[in-house]
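What follows is a set of notes on a single structure, which appears directly below.
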């Protein structure tokens with residue numbers, strides 16, 4: 001006891017001396033280590049599960065129906081995330097999944113991430129399936145569904161839908177086949193025999209009436225003008241006065257007389273000018289009327305055309321039969337896909353100015369930053385490769401495959417120039433349930449010469465079956481193509497706003513379904529279409545995506561035309577002749593009357609004017625002759641008077657000097 | 001903020017004690033590097049990590065960083081010309097190209113003239129500055145602290161009960 005209580009002061013001092021601290025703040029470091037360990041443990045044990053839970057909740061909210069996720073695996077080391085077993089419950093049918101994905105995920109390159117770039121080395125979208133039956137029905141949340149649906153339907157889709165619908169309705173129900181049937185039913189039998197019985201204003205008739213009233217109106221004016229021009233009273237009076245002037249011997253009087261003549265001449269010139277302008281105005285009126293009469297021919301043609309339309313008289317252009325019949329079909333097939341590209345291209349970045357990799361200084365707010373040549377550069381975003389596969393059974397557990405598709409997307413990047421390859425894609429597969437075999441769509445997206453993005457696509461469907469394709473659905477004729485085998489190849493270029501796609505489709509083993517109003521027509525059409533068991537369609541779809549133009553070239557035209565011409569050609573001619581006769585009947589008499597009136601005008605007014613014109617010319621000449629004569633007389637008289645005066649003075653001088 | 005204030009008070013205390021001269025000098029030196037380099041650069045974060053992990057006087061470092069940041073602002077034209085001459089040296093172009101193409105390294109912004117100039121100046125002057133700061137701290141303790149402790153005012157303060165209470169408190173709870 002004593003030993004323990006008797007501790008020396010040196011020992012107690014030693015106890016108080018603190019242990020020297022090391023160079024590292026162990027307390028702080030241990031806190032950091034503990035924190036990192038906790039974070040690591042959380043990531044290792046719980047993070048995947050929590051991501052799965054949150055993702056499932058968010059997607060359920062978006063889908064308005066239960067979304068299940070089987071597994072999420074996240075790896076920081078690999079830079080990857082893979083989600084497996086995603087099932088989107090179908091809102092309308094909760095026992096089914098609207099979309100089902102076997103595996104989706106990607107792994108990013110750490111090398112690129114450390115350069116602040118996102119490079120996806122490998123991405124997967126596998127076992128994509130639609131409308132698959134669930135093990136048990138999923139929960140649905142109907143609250144906001146209606147509102148969301150309204151928002152989702154974009155304007156573009158609406159426009160496109162409307163466009164296609166309108167085109168299909170219009171073209172599908174009434175096309176050139178309707179005209180053919182009309183002809184077969186009796187070649188424009190609706191044309192009434194008497195045009196007077198229908199209310200239809202003929203343009204040519206209207207014009208004739210206008211011209212007639214104009215001629216009548218003008219005739220009165222012409223009559224007074226012509227009378228005035230014919231008589232030339234004023235001019236004759238002036239002429240008589242001028243003719244009566246005789247030059248006096250007295251020079252002063254002679255000068256006065258000349259002045260008087262000049263004023264008479266200018267008065268006569270005024271009259272001549274006035275008459276001449278009246279003559280030319282009359283001639284112009286006549287010329288104008290004649291031109292108007294000539295335009296009557298054009299109006300006559302217009303009237304015939306309008307009447308053809310009024311009576312729905314078909315103009316049978318067999319070279320464009322396929323365009324009329326299959327135009328709506330091609331539009332219906334292609335337009336939806338054009339819409340997808342129109343939507344996708346919105347997200348394709350526009351051209352960015354290329355940066356030259358030179359040692360060029362870049363001025364900054366502080367200092368200057370130098371850029372060195374990039375030997376290993378990544379674009380900001382680069383999806384190197386994404387595998388896509390989709391397979392579906394007709395029924396769960398069944399061996400029958402509904403469809404089986406696979407493909408890839410390669411080099412989806414924010415800067416394909418840096419990658420050195422364009423974005424490429426390919427989808428291939430079969431859809432046995434829909435009898436579609438050998439489906440292939442592939443293409444690339446790259447910049448064209450104007451540095452604008454464009455997609456070059458091509459593809460084919462080796463064979464597919466068309467169960468029913470309605471080509472005409474009018475009251476006169478119902479025509480459809482049933483149980484037909486088809487084969488399609490397509491290729492084209494899709495730009496930012498416009499595209500140019502060529503589609504070649506071959507139809508074989510065609511079974512035509514025809515139902516016409518009249519049995520006779522039905523019989524003819526069955527014979528005609530029976531001769532066309534196969535044909536090809538070469539379509540060219542080009543222009544602006546939302547309103548594409550379609551040009552169709554097909555051997556159907558020739559095949560159909562050759563058969564149908566014998567039935568309908570004569571009927572068209574007959575109907576046209578009938579219309580022409582009717583128009584002639586109504587217009588011809590009036591036209592004749594107008595022409596005769598104009599002819600009379602020429603006889604009565606224009607021809608006499610020619611002699612008046614000659615008179616005016618002779619008057620003008622006479623005046624100048626009189627003027628010349630008077631001037632000459634005046635000169636001669638002055639001369640002779642001067643001579644006699646000189647002679648008189650000379651005699652006086654002789655007498656004075658005694659000669 | 002608490003950590004920062006605590007470290008500044010500690011600095012005052014240490015300056016007036018006779019220990020930890022090297023810690024204060026190293027803190028001031030690293031503060032010099034921090035102050036010279038622009039904020040949010042990778043090397044700045046590295047220096048900050050060193051201050052936190054190693055037993056370096058953080059208060060000294062932060063005060064020095066704050067103080068030298070003003071000086072660095074005035075010296076920017078000098079750093080710019082030094083950085084520019086280094087970055088445009090043909091002999092170093094290959095090294096810079098390699099560094100530029102390496103991951104992470106470009107985040108240091110070494111290719112900026114001011115970052116390069118200030119970095120080189122601070123790294124080169126670090127050893128000299130360390131010894132200068134050691135000398136200054138020691139000199140401060142001799143010239144300022146000793147003289148202050150001999151003043152009547154300080155002796156009067158030491159005689160107060162409050163001071164005695166503070167000393168006792170510091171023995172038990174101070175670091």
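Would you please put A:124-135, B:78-89 in order of how densely packed they are, using the mean number of other Cβ atoms within 10 angstrom per residue and starting with the highest?
Order by mean packing, descending: B:78-89, A:124-135.
Sort A:414, A:475 by Cβ crowding within 10 Å, fewest neighbours at the top. Intermediate results must be reported in sequence, preceding the final value.
Numbers: A:414 16, A:475 10.
Ranked by crowding around the Cβ, least crowded first: A:475, A:414.
Sort B:120-128, A:544-552 by the packing proxy (mean of other Cβ within 10 Å over each peptide's residues), most packed first.
Result, highest mean Cβ count within 10 Å first: A:544-552, B:120-128.
Averaged over B:43-53, how many beta carbons belonging to a partner chain fall within 10 Å of each residue's beta carbon? Let's see the in-between values first.
Details: counts 0, 0, 0, 0, 0, 0, 1, 0, 1, 4, 7.
That works out to 1 on average.
Roughly how many whole Å is it from the C-alpha centroid of segment B:68-103 to that of segment A:239-301?
Each part reduced to its Cα centre gives a spacing of 101 Å.
For A:141, B:172, what ranking results if the residue with the fewest other Cβ atoms within 10 Å of its Cβ goes first?
B:172, A:141
Using the basic label-point model (7 angstrom from Cα toward the beta carbon), what is the residue A:656 to residue A:643 distance in nanometres?
Result: 2.5 nm between the two label points.
Within a 10 angstrom radius of each residue's Cβ in A:636-648, how many Cβ atoms of other chains show up on average? Whole number is fine.
The shielding value for this peptide is 0.
Given the rule -39500 (n - 2.57) for each run of at least 4 DSSP H residues, summed and divided by the residues of chain B, what is its mean residue ellipticity at 222 nm, to the nearest 500 deg cm²/dmol?
On the way: 9 runs with 137 residues, N = 175.
Calculated from helices alone, the mean residue ellipticity at 222 nm is -25500 deg cm²/dmol.
Which whole number gives the average, over all residues in B:91-104, of C-beta atoms from other chains lying within 10 Å of the residue C-beta?
Mean inter-chain Cβ contacts per residue within 10 Å come to 3.
Every number in this text was worked out from the coordinates using simple rules, so none of it is lab data. Please read these numbers as outputs of a predicted model, since none were measured by experiment. When we count neighbours, we look across all protein chains shown, and the Cβ atoms used for this are built from the backbone with ideal geometry, even at glycine.
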